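Below is one structure, written out as structure tokens; the observations come after it.
The values are calculated or read from the model by the stated rules, or taken from the named source; none is laboratory data. Since the model is a prediction, treat every value here as computed from it, not as a measurement. Cβ: placed from backbone, ideal geometry, glycine included. Neighbour counts: every protein chain shown. Calculation scope for accessible area: heavy atoms of the full protein, side chains included, ligands and nucleic acids excluded. Shrake-Rupley method; radii C 1.70, N 1.55, O 1.52, S 1.80 Å.
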Number of protein chains: 2
Amino acid sequence: MSGTDHGQDPGWQGPQPTIILIAPQMGENIGAAARAMWNFGLEHMRLVNPRDGWPNPRAIAMSSGAARVIDQVRVLDDSAAALADMDHVYATTARGRDLTKPVVTPAQAMAEAHARINDGQRVGIIFGAERAGLENADIVRANTIISIPVNPAFASLNLAQAVLLCAYEWRRTADSTPARITEMAGARPASVIEVEKLYERFEQALSARNFFWPEHKAPSMKLALRNMLSRMPLTDTDIRTLHGIIRTLADKNPTEAAGGSPADAAASIRRNDGGQD
Amino acid sequence: MSGTDHGQDPGWQGPQPTIILIAPQMGENIGAAARAMWNFGLEHMRLVNPRDGWPNPRAIAMSSGAARVIDQVRVLDDSAAALADMDHVYATTARGRDLTKPVVTPAQAMAEAHARINDGQRVGIIFGAERAGLENADIVRANTIISIPVNPAFASLNLAQAVLLCAYEWRRTADSTPARITEMAGARPASVIEVEKLYERFEQALSARNFFWPEHKAPSMKLALRNMLSRMPLTDTDIRTLHGIIRTLADKNPTEAAGGSPADAAASIRRNDGGQD
């Protein structure tokens with residue numbers, strides 16, 4: 001998905017969680033994790049004992065321009081050093097370990113992280129190596145476990161994608177989602193093919209009356225018409241009503257209209273109108 | 001992150017959204033998208049005019065065993081055919097286009113998708129090619145736009161990661177996982193009386209070593225110690241461990257006591273006590 005504007009501000013200045021990769025193996029995954037972080041405004045990454053050392057050309061290539069993260073990467077020898085200055089540490093695991101420890105969802109963890117960080121705390125999130133994930137020796141250093149509710153039949157989550165979900169939740173928690181109401185009043189939504197057929201009916205009838213004019217405007221006019229139709233929350237009843245309306249307007253001799261008269265269309269509109277006729 | 005158990009049921013039978021990739025270019029991304037889908041229990045993928053055809057060995061390699069998705073992939077010639085049987089279509093874009101169309105977050109979209117699907121509707125989510133994303137010609141066929149709230153300064157989201165976020169939100173919206181639990185690993189929370197007995201053991205052992213000094217500070221030091229213990233999320237195992245620690249330290253020569261001298265410890269307790277001295 002495109003749309004990058006390097007001129008814009010991520011709108012996420014100020015303290016934020018630090019992403020800490022423990023013994024990452026592939027540079028590609030480090031780069032993909034950096035990209036995922038910066039996609040959601042996180043810029044602080046630490047690497048503990050990366051297998052292929054640092055800097056890593058493959059990581060830089062895969063970061064797709066998330067230089068702000070790559071340039072700030074800190075490399076440390078062990079997890080103790082990487083966590084020393086943190087006030088609260090979250091450890092990501094696919095499933096529970098035999099450790100007595102609070103387990104939270106990514107959403108809950110990032111909601112708590114916002115509160116802690118607003119409170120002046122430094123929060124770190126540790127991720128294990130691609131293959132085995134975190135070892136218990138690292139998990140016991142964490143205060144809380146983040147368990148991503150994956151498909152139990154396929155729980156192996158790519159490292160960069162685990163990082164992505166935490167970064168996404170960090171950003172999402174501070175977002176406000178507008179509510180939306182959908183009332184169908186007994187009808188069902190028109191299917192795409194029904195809307196497509198309606199559009200073709202419109203284009204046919206309107207072309208016959210030279211509606212799409214001037215010629216060079218025709219394509220954009222048709223695009224706008226098609227977009228208008230798919231934008232409408234049309235029901236199956238709406239589709240029938242509109243076909244009737246087109247038929248009524250397009251026919252030269254309404255009284256000879258085949259397969260339905262203007263009266264039918266009018267009746268269908270009245271049915272739409274809460275059956276008040 | 002590890003933890004896969006192929007024997008387990010994803011717990012996501014029944015209707016679910018169909019993921020539709022329009023003109024995907026790299027097989028690796030198709031495979032990564034399939035893996036991301038199955039990580040969260042989505043199994044229906046459609047490909048519209050994939051650049052390198054289908055099947056694609058690179059896609060299968062990158063799917064990391066998400067065969068359930070790969071084996072069911074449907075390939076279609078154009079988006080009209082891919083969407084024909086859908087009742088509601090979401091189009092994912094990084095930012096608004098010059099089209100009048102409702103725009104929702106992934107969380108909002110998947111909450112609505114659950115409602116629509118429970119209502120018997122067929123829901124599809126379309127994703128554009130890696131580079132340019134969806135073309136307006138495809139977006140105008142959709143009913144609603146999903147806009148992922150990415151960092152405006154770095155909005156380019158990897159195709160598989162855009163798919164991942166939608167699959168994650170699909171699962172999260174209906175997920176019954178408690179936001180926060182404490183994994184007890186066979187232990188149970190310590191009872192008040194157990195904590196009380198532990199405190200008494202501490203006070204007894206420490207008093208024998210003149211820890212609570214000076215005399216006029218003793219009450220507040222004991223209060224601080226008792227408060228520290230009840231503040232901890234202690235388990236019955238922790239209680240036994242701490243009793244053993246006290247016994248070990250108390251039975252030895254004070255000069256061999258670990259963790260600094262009694263004076264040091266006393267100072268730390270007094271500091272805990274609101275710095276009133």
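General remarks:
- Filter result for A:R201 (modelled with pLDDT of 85 or more and closer than 30 Å to A:G41 by Cα): no
- Output for the range A:124-166, where each listed residue is more than 9 Å from chain B (Cβ to nearest Cβ), in contact (Cβ under 8 Å) with a residue 60 or more places away in the chain and hydrophobic (A, V, I, L, M, F, W, C): A:I125, A:I126, A:A129, A:V163, A:C166
- Scanning the range B:171-193 for residues that are open to solvent by less than 50 Å² (accessible area, probe 1.4 Å), at pLDDT 85 or above and among the charged types (D, E, K, R) returns a single hit, B:R171.
- Scanning the range B:206-226 for residues that are in contact (Cβ under 8 Å) with a residue 12 or more places away in the chain, surrounded by fewer than 16 Cβ atoms within 10 Å (Cβ to Cβ) and not in a loop (DSSP other than H, G, I, E, B) yields a total of 2.
- Picking from residues in the range B:179-205 that are at negative phi, assigned to a loop (DSSP other than H, G, I, E, B) and at the interface with chain A (Cβ under 8 Å from one of its Cβ atoms), the one that is nearest to the chain's Cα centre (by Cα) is B:A179.
- Selection count where residues are within 9 Å of chain A (Cβ to nearest Cβ) and part of a helix (DSSP H, G or I), scope the range B:76-123: 9
- Taken over the range B:124-135, the criterion of being open to solvent by 10 Å² or more (accessible area, probe 1.4 Å), of a type in the set (A, V, I, L, M, F, W, C) and outside any strand (DSSP E or B) is satisfied by B:A132 alone.
- Matching option when the condition is at pLDDT 90 or above and of a type in the set (S, T, N, Q), among B:T92, B:T105, B:T100: B:T92
- In the range A:1-20, the residue that is modelled with the lowest pLDDT out of those that are at negative phi and more than 12 Å from chain B (Cβ to nearest Cβ) is A:P15.
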